[in-house]
Amino acid sequence: MAPVILVLNSGSSSIKFSLYDGPAEQVTGQISGLGAKPHLNLEALLSGRKIDRALDSTDGNSHGAALGALLPILNEELGGRSVAAVGHRVVHGGTKHDLPVHITGAVMQELRVLEPLAPLHQPHNLAGIEAARAAFPGAEQVACFDTAFHRKHPWVNDTFALPRSFYDEGVRRYGFHGLSYEYICEHLKKHTPDAYEGKVIVAHLGNGASMCAIRAGQSIGSTMGFTALDGLPMGTRCGQLDPGAILYLMTTKGMSADEISDLLYKKSGLKGLSGLSQDMRTLSQSDDPRAAEAIEYYVFRVRRELGAMAAVLSGVDTLVFTGGIGENSALIRDRVCADQEWLGIQIDPALNNAGDGTISTQCSQVAVLVVPTNEEEMIRRHTEALLASHQFPA
Ligand code: ADP
């Protein structure tokens with residue numbers, strides 16, 4: 001019988017969850033507003049049960065309490081079966097982890113050491129693991145890393161031009177969104193094997209956004225670097241920034257590290273530029289010129305990285321759009337691909353508006369695709385594979 005696997009994506013104020021019975025997704029949802037106004041959204045796909053309600057504040061004041069509240073509901077849906085393994089999204093696997101791992105005490109210690117490298121994500125990912133260990137004591141716990149897919153990218157994309165000692169201590173371009181890129185690669189391998197073997201650029205454009213240059217399923221370079229701040233502008237994150245601007249903020253404006261962190265992670269990007277919203281749909285529908293300018297900057301940066309990645313790969317065979325914006329915004333895809341015939345990219349307006357599968361014209365040298373990503377499914381596959389390989393301590 002196929003194992004029951006729970007996939008958790010634990011953030012600072014939310015836990016997203018998906019429960020799988022074998023490959024079939026059975027329950028999906030999230031607990032949001034942790035520590036403030038906890039709220040549960042859940043949809044059970046087999047029973048048709050839907051929950052959309054506030055949780056008691058005691059049930060939502062920590063990751064542990066929230067999972068405790070979720071447990072009886074999941075058990076009802078499981079009808080007597082138990083969770084064999086919990087697969088966790090963990091943002092940072094450092095230099096060591098290029099594959100998912102069974103989480104032991106020693107692994108937890110290693111992952112804690114990495115907290116300063118991803119202060120806004122890693123501590124919450126680890127809190128989710130602790131909570132899952134308590135809530136599902138009989139289940140194996142598996143960590144799947146956003147950095148793992150990029151671990152073998154070339155040194156030139158791994159290093160900064162700082163003294164070597166910084167590289168040695170782990171100040172590197174790790175790259176993130178690896179589970180999404182891996183899912184897209186597996187999709188290409190299955191549906192268009194020739195494309196998988198070729199030169200691929202994937203634009204993962206969601207609230208967080210990055211692009212990845214991939215050759216034969218191998219990450220060659222990513223726009224994200226040491227943290228999930230670099231590269232493209234995002235919902236609230238700044239993307240690429242001259243480090244001199246940070247020195248200015250510190251020395252001239254007297255801003256503290258916490259204030260700068262807050263500025264760069266939470267007040268910048270589309271939200272900061274537009275002064276209106278971090279949400280691309282809202283900005284696309286706005287008449288405000290600041291919304292138009294924010295979109296213009298966003299598109300400009302995606303186009304810049306597209307050109308840079310094509311140069312790094314010495315050409316491009318396939319361009320894939322994914323993530324909430326990449327999958328749903330015909331406007332952004334259209335603007336990114338406009339006047340890119342020099343690169344061999346030409347999209348068909350009708351196909352682009354339909355936004356499903358191939359959107360390039362027949363004479364486009366580059367195949368342009370829209371592929372919905374599924375990071376949870378990738379975590380499920382990894383977790384199931386680890387279970388099947390019995391790589392767990394007795
Ligand atoms: P996350 O990184 O949090 O997983 P998503 O991948 O869900 O984010 O992407 C969220 C982004 O997708 C938001 O900016 C949202 O406005 C945008 N988005 C979703 N649907 C549309 C749409 N139809 N048109 C434009 N943007 C959209």
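Quick notes
- Under 25 Å between alpha carbons - lysine pairs in the chain that sit 8 or more apart or on different chains: 18
- The ratio of the alpha-carbon radius of gyration of segment 250-290 to the globular-protein estimate 2.2 N^0.38 Å is 1.45.
- Working from Cα pairs under 8 Å separated by at least six residues, relative contact order for segment 85-207 is 29 percent.
- For segment 243-376, the solvent-accessible area works out to 52 Å² per residue, with a probe of 1.4 Å and every protein chain left in place.
- Accessible heavy-atom area order of 136, 300, 160, highest first, probe of 1.4 Å: 300, 160, 136
- Extreme residue, positive dipole direction of the chain, given options 269, 30, 340 (C-beta unit charges): 269
- Segment 171-302, relative contact order [Cα under 8 Å, separation at least 6], %: 18
- Every pair of different Cα atoms in segment 40-186 enters the Kirkwood calculation, which places the hydrodynamic radius at 17.3 Å.
- Rg and Dmax of segment 193-339, both derived from C-alpha coordinates alone, stand at 16.1, 54 Å.
- What the Cβ-Cβ distance of residue 388 and residue 57 gives, at R0 = 45 Å and to the nearest 0.05, is a FRET efficiency of 0.65.
- Between residue 78 and residue 113, the FRET efficiency from the beta-carbon distance, with R0 = 35 Å, is close to 0.50.
- Our helix-only sum for the chain, with -39,500 (n - 2.57) per DSSP H run of n ≥ 4 divided by its residues, gives a mean residue ellipticity at 222 nm of -11500 deg cm²/dmol.
- Sorting the Cα pairs of segment 51-121 by distance into bins of 10 Å, from 0 upward, gives 15, 34, 32, 18, 1 percent per bin.
- For the set 171, 336, the ranking by accessible area, highest first and with no ligand, DNA or RNA atoms included, is 171, 336 under a 1.4 Å probe.
- Kirkwood Rh, Cα atoms: Rg over Rh of segment 288-394: 1.13
- Taking 37 °C and 0.692 mPa s as conditions, segment 75-154 diffuses translationally at an estimated 246 µm²/s according to Stokes-Einstein applied to its Kirkwood radius (Cα pairs).
- The separation of segment 143-209 from segment 1-59, counted between C-alpha centres, amounts to 28 Å.
- Under the criterion of Cα pairs below 8 Å and six or more residues apart, the relative contact order for segment 287-394 equals 23 percent.
- Surface composition of segment 1-152: carbon and sulfur make up 53 percent of the accessible area, probe 1.4 Å.
- Within-11-Å neighbourhood charge of residue 85 [Cβ basis; K, R +1; D, E -1]: -1
- Cβ-defined net charge surrounding residue 352, 11 Å radius [Lys, Arg +1; Asp, Glu -1]: -1
- Using the 1.4 Å probe convention, the accessible area of segment 1-158 works out to 42 Å² per residue with neighbouring protein chains retained.
- Over segment 1-87, the Kirkwood radius and the radius of gyration, each from Cα atoms, give a ratio Rg/Rh of 0.96.
- Using 0.36 nm per residue and subtracting the Cα-Cα separation, the extra length available between residue 314 and residue 166 on full extension is 50.3 nm.
- Cα gyration tensor category, rounded, prolate or oblate, for segment 231-316 with a/c compared to 1.5: oblate
- In segment 65-154, the DSSP beta bridges split such that about 25 percent are antiparallel, to the nearest 5.
- Taking only the Cα atoms of the chain, the radius of gyration and Dmax are 21.2, 63 Å.
- Among 317-326, 172-181, 283-292, 20-29, sorting by the average number of other beta carbon atoms lying within 10 angstrom of each residue, highest first, gives 172-181, 317-326, 20-29, 283-292.
- Multiplying the residue separation of residue 218 and residue 241 by 0.36 nm and subtracting their alpha-carbon distance yields 5.6 nm.
- Gyration tensor (alpha-carbon) shape descriptor, segment 126-215, a/c threshold 1.5: oblate
- Geometric descriptor of segment 214-279, per residue, is 98 Å³ (volume of the convex hull of the Cα atoms).
- Cα-projected label distance for residue 252 with residue 99, points at 7 Å along beta-carbon direction, nm: 5.1
- Note on the chain: antiparallel DSSP beta bridges, both residues inside, total approximately 70 percent of the bridges counted.
- Surrounding net charge for residue 273, when Lys and Arg each add one and Asp and Glu each subtract one, Cβ distance under 12 Å: +2
- Here's how it looks for residue 173: its modeled amide H is under 5 Å from those of 159, 160, which are all 5 or more places away or on a different chain.
The values are calculated or read from the model by the stated rules, or taken from the named source; none is laboratory data. Small disclaimer: the values here were computed from a predicted structure and weren't measured. Methodologically, a virtual Cβ is constructed for each residue, glycine included, from the backbone with ideal geometry; neighbour enumeration extends over all protein chains shown. Surface accessibility is based on the protein's heavy atoms, side chains included, excluding ligands, DNA and RNA. Shrake-Rupley method; radii C 1.70, N 1.55, O 1.52, S 1.80 Å.
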